[in-house]
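What follows is one structure encoded as structure tokens, with my remarks underneath.
Taken together, the values in this text are just the output of simple stated rules run on the coordinates, not laboratory data. Just so you know, these numbers come straight off a predicted model, no measurement behind them. Cβ coordinates were reconstructed from backbone atoms using ideal geometry, including for glycine residues, and neighbour counts include every protein chain displayed.
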Amino acid sequence: MGSNLVHKILGAHLVEGDLHSGDEIAIRVDQTLTQDATGTMAYLQFETMGIPRIRTELSVSYVDHNTLQMGFENADDHRYLQTVAARYGVHFSKAGNGICHQVHLERFGVPGKTMLGSDSHTPTGGGIGMIAIGVGGLDVAVAMGGGAFYMPRPRVVKVNLTGQFQPFVSAKDVILKLLSIMTTKGNVGKIVEYAGPALKHLSVPERATIANMGAELGVTTSVFPSDEQTLAFLKAQKREEAWVALAADPDAAYDQVIEIDLSALEPMVAMPHSPDNIGTVASLKGQKVHQVCIGSCTNSSLRDLVAVADMLKGRHVHPDVELVIAPGSRQVEMEAAQRGLMGTFLMAGARVGESACGFCIGSGHAPGTGEVSVRSNNRNFKGRSGTADAQVYLASPETCVACALTGEFTDPRTLGLTAGTFEMPTAFAIDDSMVIVPPADGSKVEVARGPNIGEPPKTETMPDQFAKTVLLKVGDKITTDHIMPAGQYLKYRSNIPKYAEVVFIGVDANFAQRAKECGGGFVVAGDSYGQGSSREHAAICPSFLGVKAVMAKAIERIHKANLVNFGILPLIFMDPADYDKVQQGDTFSVANLHGTLSDGKVLEVKDETQGFTFKVKVDVTDRQAIILKDGGLLNHIAKQV
């Protein structure tokens with residue numbers, strides 16, 4: 001029996017465990033990336049480890065989230081990031097150079113390498129044949145120090161792509177179709193591997209779009225083979241020496257196989273307020289649209305902007321629609337300028353945004369009250385756009401343009417336009433002057449620390465027994481945006497006491513104060529708790545407020561790892577009916593916690609308020625159980641040292 005591509009790459013990096021048995025494996029990490037919203041804390045954590053220089057092949061620090069710099073806080077973070085990068089051997093990509101995933105794909109991604117990124121859309125690197133995984137910042141810090149990354153032993157899902165796109169159907173429609181099949185939950189521990197004859201028609205930017213939104217599936221990552229399309233992309237980036245051919249063996253085995261015929265796809269849309277609430281654009285025909293945003297790490301490549309310009313040329317945006325277009329990188333921006341695309345956008349009535357995350361994370365371009373916004377980004381969680389009651393839809397760039405031109409949901413195939421074609425350039429516009437290469441010896445570099453930059457909060461060892469209040473009970477699909485909002489609050493990512501004041505603010509404005517008054521407690525949740533962004537602050541800040549455990553029907557992979565890293569118990573109801581019984585305000589007591597973590601991991605919880613007991617599963621590995629006893633990963637590392 002041959003090997004699939006996932007097993008080939010992981011096998012070459014395996015340092016612990018077995019790919020065919022057991023619950024967990026550990027791999028060597030070649031590269032890391034961070035972005036400024038998560039990176040500041042990651043580097044503060046790295047500094048606490050006392051390691052003089054990074055031990056990865058390459059680590060890159062990007063500034064792409066907090067680029068508006070409303071006040072001194074963001075600018076201070078950026079200065080800290082630039083100086084700490086120089087000190088420890090990290091490349092630094094300045095604000096304006098582009099979104100981390102797009103830039104890394106262009107300038108640093110290498111087929112067959114492994115990468116961790118403190119951003120959930122790090123799997124974009126799978127478009128170039130990497131095993132690229134989104135994690136919390138502390139896991140990145142450990143990897144930069146030379147530590148292995150532990151992950152669930154993967155179940156590999158083969159998605160076999162056949163056929164060829166109809167005009168105005170594109171890569172975004174592939175991943176939206178897959179989301180309609182796999183949904184956003186139940187995929188923890190899976191890795192998606194793409195294969196099939198259609199790959200010869202898919203460029204690296206198109207593959208990256210599909211791999212990027214694998215994050216919405218909840219899988220560990222997604223990966224494409226490295227083939228002639230990959231080579232063409234790397235040649236155009238003047239990096240062909242990085243290319244290596246990578247593919248699964250013809251007789252490789254998979255845990256699941258899904259077939260998608262590109263010829264049968266039509267323009268799709270994710271409706272509010274979840275990326276797996278999938279419908280067709282045709283089914284929404286005639287519904288009014290107020291805003292259209294094209295960009296983000298999902299659909300902001302040169303290929304995407306060429307398609308947008310082809311459709312906009314000689315036409316004008318509907319008078320009732322605001323159109324925003326943001327290139328994904330400085331390279332894309334320069335290419336667009338040289339090709340005259342920027343002029344086309346401006347003449348069509350579009351606003352051109354900075355090459356940054358921007359509207360995707362609620363940092364600018366918030367829709368009006370109750371308005372419909374159609375976007376090419378990857379998430380449409382309620383309130384994420386910056387407007388609590390906005391109705392955000394996700395669609396391809398082609399569909400976005402059709403909606404912008406007509407002012408309503410419109411299938412782009414019905415406009416009577418002729419679809420343009422995109423050919424990969426033989427040479428991209430390459431200028432790496434905004435990437436600062438670290439000095440060979442950074443030991444004399446003074447790290448700049450503004451007043452907004454704090455320290456990683458300290459946690460205590462896990463007590464063997466405790467009684468605490470249920471501080472909050474929530475339903476299904478609570479995202480990390482619900483737990484820790486972004487937008488206007490992003491500038492406090494390096495100031496945990498300040499940022500902790502807004503934990504769950506959009507769900508229950510009194511949560512932080514109640515947690516302080518109660519001395520911490522439990523959070524009770526439904527299915528798929530913690531989906532979405534990798535932001536570890538959704539664990540750090542609740543831990544700072546004294547949250548000891550999250551009790552849910554299911555907890556998503558990255559968030560569960562972050563909970564463990566910061567000493568919060570991830571507990572799963574063994575009988576989902578118990579979720580219905582318990583109430584916010586109840587007092588829970590647990591005992592013999594250390595023994596439970598060592599043996600069986602089934603914990604008995606007593607609801608002291610209602611007078612009944614129930615059982616939960618401590619959903620961790622033996623290694624994570626030890627980390628929890630120590631009170632979190634930083635404590636665990638310090639204890640080992």
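For the chain, the relative contact order is 14 percent, taking Cα pairs closer than 8 Å that sit 6 or more residues apart in sequence and dividing their mean separation by the residue count. Tally Lys and Arg at +1 and Asp and Glu at -1 over the other residues with C-beta under 13 Å from the C-beta of Asp578: what net charge comes out? That sum, taken over residues with Cβ under 13 Å, equals +1. Cβ crowding within 10 Å ranks His316, His636 as His316, His636, fewest other Cβ atoms first. Given +1 at the Cβ of Lys and Arg, -1 at the Cβ of Asp and Glu and no other charges, the dipole of the chain around its Cα centre is 560 debye to the nearest 20.
Counting only DSSP H runs of at least 4 residues, each contributing -39500 (n - 2.57), and dividing by the residue count of the chain, the helix-based mean residue ellipticity at 222 nm comes to -8000 deg cm²/dmol.
Going by a ≥ b ≥ c, the root eigenvalues of the Cα gyration tensor, does segment 303-439 fall in the rounded group (a/c under 1.5), the prolate group (a/b larger than b/c) or the oblate group? Since a/c reaches 1.5 but b/c is at least a/b, the shape of segment 303-439 is classed as oblate.
Remark: relative contact order (segment 268-413) = 36 percent; criterion is Cα-Cα distance under 8 angstrom and separation of 6 or more residues. Net charge in the neighbourhood of Thr613 (other residues with Cβ under 12 Å of its Cβ; Lys, Arg +1, Asp, Glu -1) is -2. Over all other residues within a Cβ to Cβ distance under 10 Å of Ala402, the charged ones net out to -2, with Lys and Arg as +1 and Asp and Glu as -1. Rounded to the nearest 5, the antiparallel percentage of DSSP beta bridges internal to segment 268-413 is 30%. In this calculation the C-beta distance from Arg315 to Gln164 is compared with R0 = 41 Å, giving a FRET efficiency of 0.95. Sorted ascending by nearby beta carbons within 10 Å, beginning with the fewest, Arg330, Arg28 become Arg28, Arg330.
Taking 0.36 nm per residue of separation and subtracting the Cα-Cα distance, full extension of the segment from Asp580 to Arg155 would add 149.8 nm. Dipole of the chain computed with +1 at Lys/Arg Cβ and -1 at Asp/Glu Cβ about the Cα centre; of Val15, Ile25, Gly71, farthest Cα towards the positive end is Gly71. Taking every DSSP beta bridge that has both ends in the chain, the antiparallel portion is near 35%. Separation of segment 170-228 and segment 125-163, taken as the distance between their Cα centroids, equals 13 angstrom. Here segment 5-264 carries DSSP beta bridges of which approximately 20% are antiparallel, counting only pairs with both residues inside. Listed by Cβ neighbour count within 10 Å, with the fewest neighbours leading, Val63, Val292, Val257 appear as Val257, Val63, Val292.
Taking 29 Å as the straight-line reach from the Cα of Lys288, the lysines in range (excluding those fewer than 8 positions away in the same chain) are Lys172, Lys177, Lys313, Lys382, Lys477.
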